[in-house]
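Supplied in structure tokens, the structure appears directly below.
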């Protein structure tokens, strides 16, 4: 796990290559604190900078930038190729003469693959997570590539006098010629999704490379090709696999991702996904797996006790991190540096804290992320299957009337109703969710339902001055996956948007800020493809989500340790914004300040802030979107 950056000058720029490259590398130091390297060719106007977090082959043989044996290619690489030893075996078998390897790093394996097969075929052969920059000294082209799901970040921009690229925008800002113009259009996406979806970024004319893509820069412009497309799986009509097939595939994926030359562990929340990953790790390990969970003093937000029960049953080497409100709040000031463009999924805070603790013991941690998207885990899937299918048959005028009735009851009253529900039916933020439900009652169809369920601000253009919301896979129906059922379409859209642009970004940045590598076994593409070969009723059976995962998990962990209401990785954000964060938020949301900065409609934001402070309404997520932009703006501009 590492980070890289670089540039190609279109014309002679009188800047010291070495110093600029070192500054760009220093900007992403936490991604690779073990060592750094630079390479440049002033004649061609190209420079590469790399920071290394050594995971495989800790020796200098894994140092980057790395030059191929033929000296044609120069590579910088961020990530892990889990099957690189299998790729080496294939290369050895195909070679006309015995291959001599300098070390056992996957970077060297990639370079040999490129020389033998080309970049595209090498990536097709690779199972892993990665971002790559490959300079071809003969063709004078730069190729950028990103893994199948976007686990690893990669930005690029073609500006007036240079092409710049890298793992994080921090390295861009370290370049004295970088043009950092904030995109108001991208700000609308932040308010809708609490993140900025690829290919957009917070800056105008700066893009994220889409997952599964290769971008080639030849000095004239950028062209793109696709080496892997999830659409083939989404459109698959052959549902011929079983839960037994899935279990075998998952075991192999977990085993592959346990490959490491440094200490390795796993996050454990006590939920289905992380418990299953840990179970499969422990089964294939001859010593207790190190596991980590986070707990809060507020019992409404604390799941650590459930994780501890699972850990005790599996006999893992378990560490709990109990965090006080003061410790959690102390992270907030760091967020603008950790997430180098505005990002407002509030679970970023506990994610950072558990990664920080895990790094004291391990350098690599596996997670259960992506289980919800692949195996029908989110409540919105169950709602669509059980409720929307019936509600949609009610005439729209009647549904709109019902919507008004539900929203007319305050969130506080709904919270009281929620607290009186049976334990199995209880959920956090019940009042806010009932108001969310009132919104969806008035939806015309399933597509509108999905956008409603996954949006924070419904009309962000009204809030961001001088903006126009760009099209994304969520809003552009022509770009959406072609699947039969509404539930599966939601799962596909979540995979392409929410998972890639929110979940994976959240975990990558929080972990790498602590120099911790995270791995996601569910995103081994063999697991993904297997998941879409399973019938939907293997995932959502009789209203029970992730049925196939439960069936596998209960072979390792008793059902009673797992069965409980689903809750997210949440913090008491609403209460914090009415208590210890009031002064901090008041400063960032000051109406005069908003008017002077000129990005937001100050009247709308101020009214919402006053409603939240008074307890009239819970606007925690809307306000957090604004606050995270304001904090980022204050720290970076």
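The values are calculated or read from the model by the stated rules, or taken from the named source; none is laboratory data. All values reported here derive from a predicted model rather than from experimental measurement. Cβ sites come from the backbone with ideal geometry, for glycine too, and all protein chains shown count toward neighbours.
Can you name every residue in segment 89-126 that is under 19 Å from residue 209 (Cα atoms) and crowded, with 17+ Cβ neighbours inside 10 Å? Outline the logic, then answer.
Going residue by residue through segment 89-126, those that are under 19 Å from residue 209 (Cα atoms) are 119-124, 126.
Across segment 89-126, the qualifying residues are 119, 122, 123, 126.
Here is a further query. Kindly establish whether residue 134 is assigned to a helix (DSSP H, G or I), in contact (Cβ under 8 Å) with a residue 12 or more places away in the chain and either under 26 Å from residue 38 (Cβ atoms) or over 26 Å from the mean Cα position of the chain (by Cα) (or both). Give the steps one after another, and end with the answer.
Working: assigned to a helix (DSSP H, G or I): no; in contact (Cβ under 8 Å) with a residue 12 or more places away in the chain: yes; either under 26 Å from residue 38 (Cβ atoms) or over 26 Å from the mean Cα position of the chain (by Cα) (or both): yes.
Against the criterion (assigned to a helix (DSSP H, G or I), in contact (Cβ under 8 Å) with a residue 12 or more places away in the chain and either under 26 Å from residue 38 (Cβ atoms) or over 26 Å from the mean Cα position of the chain (by Cα) (or both)), residue 134 does not qualify.
Has segment 372-379 got any residue that is in contact (Cβ under 8 Å) with a residue 12 or more places away in the chain, assigned to a helix (DSSP H, G or I), out of contact with any strand residue (DSSP E or B) (no Cβ under 9 Å at 6 or more places or on another chain) and surrounded by fewer than 21 Cβ atoms within 10 Å (Cβ to Cβ)? Full working, then the answer.
Of the residues in segment 372-379, the ones in contact (Cβ under 8 Å) with a residue 12 or more places away in the chain are 372-379.
Next cut, assigned to a helix (DSSP H, G or I) only: 372-375, 379.
Those left that are additionally out of contact with any strand residue (DSSP E or B) (no Cβ under 9 Å at 6 or more places or on another chain): 372-375, 379.
Filter again for surrounded by fewer than 21 Cβ atoms within 10 Å (Cβ to Cβ), leaving 379.
Yes, because at least one residue in segment 372-379 is in contact (Cβ under 8 Å) with a residue 12 or more places away in the chain, assigned to a helix (DSSP H, G or I), out of contact with any strand residue (DSSP E or B) (no Cβ under 9 Å at 6 or more places or on another chain) and surrounded by fewer than 21 Cβ atoms within 10 Å (Cβ to Cβ).
Could I ask something else about it? Only one of (1) in contact with a strand residue (DSSP E or B) (Cβ under 9 Å, 6 or more places away or on another chain); (2) within 21 Å of residue 570 (Cα to Cα); (3) at pLDDT 95 or above is not met by residue 325, so which one is it?
Among (1) in contact with a strand residue (DSSP E or B) (Cβ under 9 Å, 6 or more places away or on another chain); (2) within 21 Å of residue 570 (Cα to Cα); (3) at pLDDT 95 or above, the lone unmet condition for residue 325 is (3).
I've got another one for you. Going by what's in this entry, would residue 632 be described as more than 27 Å from the chain's Cα centre (by Cα), part of a helix (DSSP H, G or I) and either within 29 Å of residue 129 (Cα to Cα) or at pLDDT 95 or above (or both)? Step through it out loud before you land on a result.
Numbers: more than 27 Å from the chain's Cα centre (by Cα): no; part of a helix (DSSP H, G or I): yes; either within 29 Å of residue 129 (Cα to Cα) or at pLDDT 95 or above (or both): yes.
Answer is no for this residue.
Considering only segment 470-486, state which residues are part of a loop (DSSP other than H, G, I, E, B) and over 16 Å from residue 455 (Cα atoms). Can you show your working first?
To start, the set of residues in segment 470-486 that are part of a loop (DSSP other than H, G, I, E, B) comprises 470-476, 480-485.
Scanning segment 470-486 gives 480, 481, 482, 483, 484, 485.
Can you find a residue that is touching a helix residue (DSSP H, G or I) at 6+ places or on another chain (Cβ under 7 Å), closer than 28 Å to residue 520 by Cα, part of a helix (DSSP H, G or I) and touching a residue at least 40 places away in the same chain (Cβ under 8 Å) anywhere in segment 36-51?
Looking for residues that are touching a helix residue (DSSP H, G or I) at 6+ places or on another chain (Cβ under 7 Å), closer than 28 Å to residue 520 by Cα, part of a helix (DSSP H, G or I) and touching a residue at least 40 places away in the same chain (Cβ under 8 Å), one finds none in segment 36-51, hence no.
Can you name the number of the only condition in (1) assigned by TED's automatic domain parsing to the domain that holds residue 436; (2) more than 26 Å from residue 623 (Cα to Cα) that residue 512 fails?
In the conditions (1) assigned by TED's automatic domain parsing to the domain that holds residue 436; (2) more than 26 Å from residue 623 (Cα to Cα), residue 512 misses (1) alone.
Answer with yes or no whether residue 11 is out of contact with any helix residue (DSSP H, G or I) (no Cβ under 7 Å at 6 or more places or on another chain) and either touching a residue at least 60 places away in the same chain (Cβ under 8 Å) or in a helix (DSSP H, G or I) (or both).
Numbers: out of contact with any helix residue (DSSP H, G or I) (no Cβ under 7 Å at 6 or more places or on another chain): yes; either touching a residue at least 60 places away in the same chain (Cβ under 8 Å) or in a helix (DSSP H, G or I) (or both): yes.
Against the criterion (out of contact with any helix residue (DSSP H, G or I) (no Cβ under 7 Å at 6 or more places or on another chain) and either touching a residue at least 60 places away in the same chain (Cβ under 8 Å) or in a helix (DSSP H, G or I) (or both)), residue 11 qualifies.
Restricting to segment 1-29, what's the tally of residues that are under 22 Å from the mean Cα position of the chain (by Cα) and modelled with pLDDT under 85? Talk me through it step by step, then tell me what you get.
Filtering segment 1-29 for residues under 22 Å from the mean Cα position of the chain (by Cα) gives 1-5, 27-29.
Remaining after also requiring modelled with pLDDT under 85: 1-2, 29.
Qualifying residue count for the region: 3.
Going through 214, 202 one at a time, which residue ends up being closer than 25 Å to residue 125 by Cα, in the same structural domain as residue 165 (by TED's automatic domain parsing) and surrounded by 15 or more Cβ atoms within 10 Å (Cβ to Cβ)? Break it down stepwise before answering.
On the way: 202 fails: closer than 25 Å to residue 125 by Cα.
Unique residue meeting the criteria: 214.
Further, regarding this structure: Out of the residues in segment 236-261 meeting the condition of being under 24 Å from the mean Cα position of the chain (by Cα) and at pLDDT below 90, tell me which one is farthest from residue 532 (Cα to Cα). Even if it seems obvious, please write down each step before you answer.
We begin by selecting, within segment 236-261, every residue under 24 Å from the mean Cα position of the chain (by Cα); these are 246, 249-260.
If we keep only those that are at pLDDT below 90 too, we end up with 259-260.
Values: 259: 26, 260: 29 Å.
Among those residues, the one meeting the criterion is 260.
Considering only segment 387-403, how many residues are surrounded by 12 or more Cβ atoms within 10 Å (Cβ to Cβ) and part of a helix (DSSP H, G or I)?
Final tally of qualifying residues: 10.
Given the conditions (1) assigned to a loop (DSSP other than H, G, I, E, B); (2) in contact (Cβ under 8 Å) with a residue 24 or more places away in the chain; (3) more than 21 Å from residue 266 (Cβ to Cβ); (4) over 21 Å from the mean Cα position of the chain (by Cα), report the number of the one that residue 563 does not fulfil.
(2)
Would a scan of segment 106-128 turn up a residue that is closer than 30 Å to residue 632 by Cα, touching a helix residue (DSSP H, G or I) at 6+ places or on another chain (Cβ under 9 Å) and assigned to a strand (DSSP E or B)?
Residues of segment 106-128 that are closer than 30 Å to residue 632 by Cα, as a first pass: none.
No; the residues of segment 106-128 include none that is closer than 30 Å to residue 632 by Cα, touching a helix residue (DSSP H, G or I) at 6+ places or on another chain (Cβ under 9 Å) and assigned to a strand (DSSP E or B).
Does residue 410 fit the bill of being touching a helix residue (DSSP H, G or I) at 6+ places or on another chain (Cβ under 9 Å), under 27 Å from residue 602 (Cβ atoms) and not assigned by TED's automatic domain parsing to the domain that holds residue 184?
Working: touching a helix residue (DSSP H, G or I) at 6+ places or on another chain (Cβ under 9 Å): yes; under 27 Å from residue 602 (Cβ atoms): yes; not assigned by TED's automatic domain parsing to the domain that holds residue 184: yes.
Yes.
Taking the stated definitions as given, is residue 497 in contact with a helix residue (DSSP H, G or I) (Cβ under 9 Å, 6 or more places away or on another chain) and either touching a residue at least 60 places away in the same chain (Cβ under 8 Å) or surrounded by 21 or more Cβ atoms within 10 Å (Cβ to Cβ) (or both)?
Working: in contact with a helix residue (DSSP H, G or I) (Cβ under 9 Å, 6 or more places away or on another chain): yes; either touching a residue at least 60 places away in the same chain (Cβ under 8 Å) or surrounded by 21 or more Cβ atoms within 10 Å (Cβ to Cβ) (or both): yes.
When the stated conditions are applied, residue 497 passes them.
For segment 138-203, please list each of the strands (runs of 3 or more DSSP E) lying entirely inside it that holds at least 2 residues being farther than 26 Å from residue 468 by Cα. Don't jump to the end; show me each part of the working.
Details: elements: 141-146, 155-158, 162-166.
Those strands (runs of 3 or more DSSP E) span 141-146, 162-166.
For segment 554-566, state whether one or more residues are assigned by TED's automatic domain parsing to the domain that holds residue 277, within 28 Å of residue 233 (Cα to Cα) and touching a helix residue (DSSP H, G or I) at 6+ places or on another chain (Cβ under 6 Å).
no
Quick one: count up the residues across segment 594-629 that are within 27 Å of the chain's Cα centre (by Cα) and assigned to a helix (DSSP H, G or I).
Applying the first criterion (within 27 Å of the chain's Cα centre (by Cα)) to segment 594-629 yields 599-600, 618-629.
When the remaining residues are screened for being assigned to a helix (DSSP H, G or I), the result is 620-629.
Qualifying residue count for the region: 10.
Among 43, 32, which is crowded, with 23+ Cβ neighbours inside 10 Å and outside the structural domain of residue 337 (by TED's automatic domain parsing)?
Working: 43 fails: crowded, with 23+ Cβ neighbours inside 10 Å.
Of 43, 32, the one residue that is crowded, with 23+ Cβ neighbours inside 10 Å and outside the structural domain of residue 337 (by TED's automatic domain parsing) is 32.
Any residue at all in segment 347-354 that is out of contact with any helix residue (DSSP H, G or I) (no Cβ under 6 Å at 6 or more places or on another chain), modelled with pLDDT of 95 or more and at negative phi? Explain how you work it out, then say what you get.
From segment 347-354, those out of contact with any helix residue (DSSP H, G or I) (no Cβ under 6 Å at 6 or more places or on another chain) are 347, 350, 353-354; that's our starting set.
Among the residues that remain, those that are also modelled with pLDDT of 95 or more are: none.
No, segment 347-354 contains no residue that is out of contact with any helix residue (DSSP H, G or I) (no Cβ under 6 Å at 6 or more places or on another chain), modelled with pLDDT of 95 or more and at negative phi.
State whether one or more residues within segment 262-281 are over 21 Å from the mean Cα position of the chain (by Cα), assigned to a loop (DSSP other than H, G, I, E, B), in contact (Cβ under 8 Å) with a residue 60 or more places away in the chain and more than 25 Å from residue 570 (Cα to Cα).
Step one: filter segment 262-281 for residues over 21 Å from the mean Cα position of the chain (by Cα), giving 262-263, 279-281.
Okay, now just the ones that are also assigned to a loop (DSSP other than H, G, I, E, B), so 262-263.
Narrowing the set further to residues that are in contact (Cβ under 8 Å) with a residue 60 or more places away in the chain leaves 262-263.
Filter once more, keeping what is more than 25 Å from residue 570 (Cα to Cα): 262-263.
Yes, segment 262-281 contains a residue that is over 21 Å from the mean Cα position of the chain (by Cα), assigned to a loop (DSSP other than H, G, I, E, B), in contact (Cβ under 8 Å) with a residue 60 or more places away in the chain and more than 25 Å from residue 570 (Cα to Cα).
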